[in-house]
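**Q** There's a structure below that I have some questions on.
The values are calculated or read from the model by the stated rules, or taken from the named source; none is laboratory data. Keep in mind that this is a model prediction, so the values were computed, not measured. Reconstructed Cβ throughout: ideal geometry from the backbone, glycine too, with neighbour counts over all protein chains shown. Accessible surface is based on the protein model in full, side chains and every heavy atom, while ligands, DNA and RNA are left aside. Shrake-Rupley method; radii C 1.70, N 1.55, O 1.52, S 1.80 Å.
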Amino acid sequence: MNQKLNLSVIGVGHLGRHHARHLSEIPQVNLAGVFDTDRDQALQVAANCAAPVFNSLEECLSVSDAVSIATPTVTHADVATTSLQAGKHVFIEKPITSTIAEADELIGLAEKMNVNLQVGHIERLNPALLPLQNYQLKPKFIEVQRLAPFTTRGTDVPVVLDLMIHDIDIILSLVDAPVKNIRASGVSIMTKSVDIANARIRFKNGTVANITASRIAKDQVRKIKIFQQDMYATIDLSLGLTEIYRLLDARQDTDAIVTAPLQQDDNQRQIAYEKPKIDAGDALRMELENFVAAIQGREKPIVDGRAGRDALAVADKIHQMIIEDLL
Ligand code: NAD
């Protein structure tokens, strides 16, 4: 397809303005314009991207092939429904919607209209996570910590839907089995909803994931540790640092830095340490490029509506358990 895709951004606040900037730079895209209920905000972002400002959602949809929605989560269902009903491809920021029923409706509508629905689970494309694709992963235990200094942005939803859902989506993409059970607890500190949450997810294949998310922290921490037979991977999503330790046969030739051979029964084994090179890619740019490529049939969607819905379903269950626990 040589023709440029007319793509607009709906909601150009903290994150949406970056959608607009990236889309204005993607060669296959014509940034058709931006729409925001805060007109001053729309004018400012549009000026930076040399794009038109729409006066209404309807005007925006009338000239767009596809839209990227970065409005507050509680508005996702309404804005996406109108866009899908108009036959537009939709990229929607995470979480897909506030409720599972809303997510199901969007997925059904996208199928009915035969258009793409993708969700902005940006951490899937975090450059520190991408080297894991070169290893055979069969996690037995996953430990995740995501801590962030407090800001009022995102507090329209509990921390599970705002922060923890990133890690839930990553974990669901790493573990090839359904969820068996979930335990969760949490507390409310600064807002009326849950600000700190911990969940333990057990999968039917035996994998256990332990996740902590907090929006009350001094420093930002985003760390994932993956333990599996003969391998330990530690990933710092904030620093962009991935380190892998593998237990290998001592005779195996490897460039990795190794410990002295370890005597284990009759086997000589060694621990190999690898620090994969992290490409300095921009995850937001990559996910928007994937959206465009998927519409044009060049790539498969990395996070489709169903994946967004699956992450929401687990997040919702965790949140419900926390609420029941607090009663
Ligand atoms: P924000 O409040 O900074 O921006 C939202 C913008 O949407 C505002 O400018 C507001 O005026 C506009 N808006 C509100 N309702 C609208 C409507 N019906 N139509 C058009 N415009 C409307 O919020 P934000 O922090 O940019 O978050 C937006 C979304 O992005 C949320 O769903 C959030 O969860 C998500 N988000 C994702 C990440 C990530 O890492 N992927 C990070 C931050 C936010």
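**Q** Less than 29 Å apart at the alpha-carbon level, and either on another chain or at least 8 residues along: which lysines does that give for Lys112?
**A** Result set, ordered by chain and number: Lys4, Lys88, Lys94, Lys300, Lys317.
**Q** Under a Cβ-Cβ cut-off of 15 Å, what is the net charge of the residues other than Ile244 that fall near it, where Lys and Arg count +1 and Asp and Glu count -1?
**A** It works out to a net charge of +1.
**Q** Thr82 to Leu137: extension gain in nm, 0.36 nm per residue of separation minus the Cα-Cα distance?
**A** Numbers: separation 55, 0.36 × 55 = 19.80 nm, distance 3.98 nm.
Full extension from Thr82 to Leu137 adds 15.8 nm.
**Q** Here's something else I'd like to know. Beyond 24 Å, what percent of the Cα pairs of the chain remain?
**A** Values: 30933 of 53301 pairs.
When every Cα pair of the chain is considered, 58 percent fall beyond 24 Å.
**Q** Another one. Once each part is reduced to its C-alpha centroid, what is the distance from region 199-262 to region 271-287 in angstrom?
**A** 14 Å
**Q** Helix-only estimate, please: 222 nm mean residue ellipticity of the chain, summing -39500 (n - 2.57) across DSSP H runs of length 4 or more and dividing by its residues, to the nearest 500. Working shown, then result.
**A** On the way: 8 runs with 99 residues, N = 327.
Dividing the helical sum by the residues of the chain leaves -9500 deg cm²/dmol.
**Q** Given Cβ point charges of +1 (Lys, Arg) and -1 (Asp, Glu) and nothing else, what value in debye, to the nearest 20, does the dipole of the chain about its Cα centre take?
**A** On the way: 34 positive and 41 negative charges, 99 e Å.
Using Cβ point charges on Lys, Arg, Asp and Glu, the chain gives about 480 debye.
**Q** Follow-up. Sticking with the crude label model, points 7 Å out along Cα→Cβ, report the distance from Leu241 to Asp279 in nm, one decimal please.
**A** 2.3 nm
**Q** Calculate, for the chain, the solvent-accessible area per residue in square angstrom, rolling a 1.4 angstrom probe over the heavy atoms of the protein chains. Let's see the in-between values first.
**A** Numbers: 15860 Å² over 327 residues.
With all protein chains present, the chain gives 48 Å² per residue.
**Q** Ok, one more. Could you tell me which of the pairs Lys180/Lys223; Lys140/Lys225; Lys225/Lys275 are separated by over 18 angstrom between their Cα atoms in the structure shown?
**A** Numbers: Lys180/Lys223 24 Å; Lys140/Lys225 11 Å; Lys225/Lys275 14 Å.
Pairs exceeding the cut-off: Lys180/Lys223.
**Q** So for region 5-123, averaging the separation of alpha carbon pairs under 8 Å that are six or more residues apart and normalising by length, what relative contact order in percent results?
**A** On the way: 228 pairs, mean separation 26.9, N = 119.
It rounds to 23 percent for region 5-123.
**Q** Something else about it: Could you tally the net charge around Gln136, taking each other residue with its Cβ under 12 Å from the Cβ of Gln136, Lys/Arg +1 and Asp/Glu -1?
**A** Numbers: positive: Lys138, Arg246; negative: Asp176, Asp230.
With Lys, Arg at +1 and Asp, Glu at -1, the neighbours total 0.
**Q** Further question on the same structure: Per the 1.4 Å probe, what fraction of the accessible area of the chain, in percent, lies on carbon and sulfur atoms?
**A** Working: 7660 of 15860 Å².
Carbon-and-sulfur percentage of accessible area, whole number: 48.
**Q** What whole-number distance in Å separates the alpha-carbon centres of region 164-180 and region 58-116?
**A** 23 Å
**Q** At R0 = 35 Å, how high is the FRET efficiency between Gln296 and Ile189 if r is their beta carbon distance? Nearest 0.05 is fine.
**A** On the way: r = 46 Å, r/R0 = 1.31.
The pair Gln296/Ile189 has a calculated efficiency of 0.15.
**Q** Got a sec? Charge dipole of the chain, +1 on Cβ for Lys and Arg, -1 for Asp and Glu; which of Leu15, Ala86, Asn267 is way out at the positive end?
**A** It is Asn267, whose Cα lies furthest towards the positive end.
**Q** So what are region 5-81's ellipsoid semi-axes, whole angstrom, largest first, if each one is the square root of 5 times an eigenvalue of the alpha-carbon gyration tensor? List each step's numbers first, then the result.
**A** Details: eigenvalues 54, 38, 27 Å².
The equivalent ellipsoid of region 5-81 has semi-axes of 16, 14, 12 Å.
**Q** Among Ala50, Ala77, Ile26, whose Cα sits farthest toward the positive end of the charge dipole of region 19-149 (+1 at Cβ of Lys/Arg, -1 at Cβ of Asp/Glu, about the Cα centre)?
**A** Ile26
**Q** With contacts defined as alpha carbon pairs under 8 Å and 6 or more residues apart, what's the relative contact order of the chain in percent?
**A** Numbers: 689 pairs, mean separation 57.4, N = 327.
Here the relative contact order equals 18 percent.
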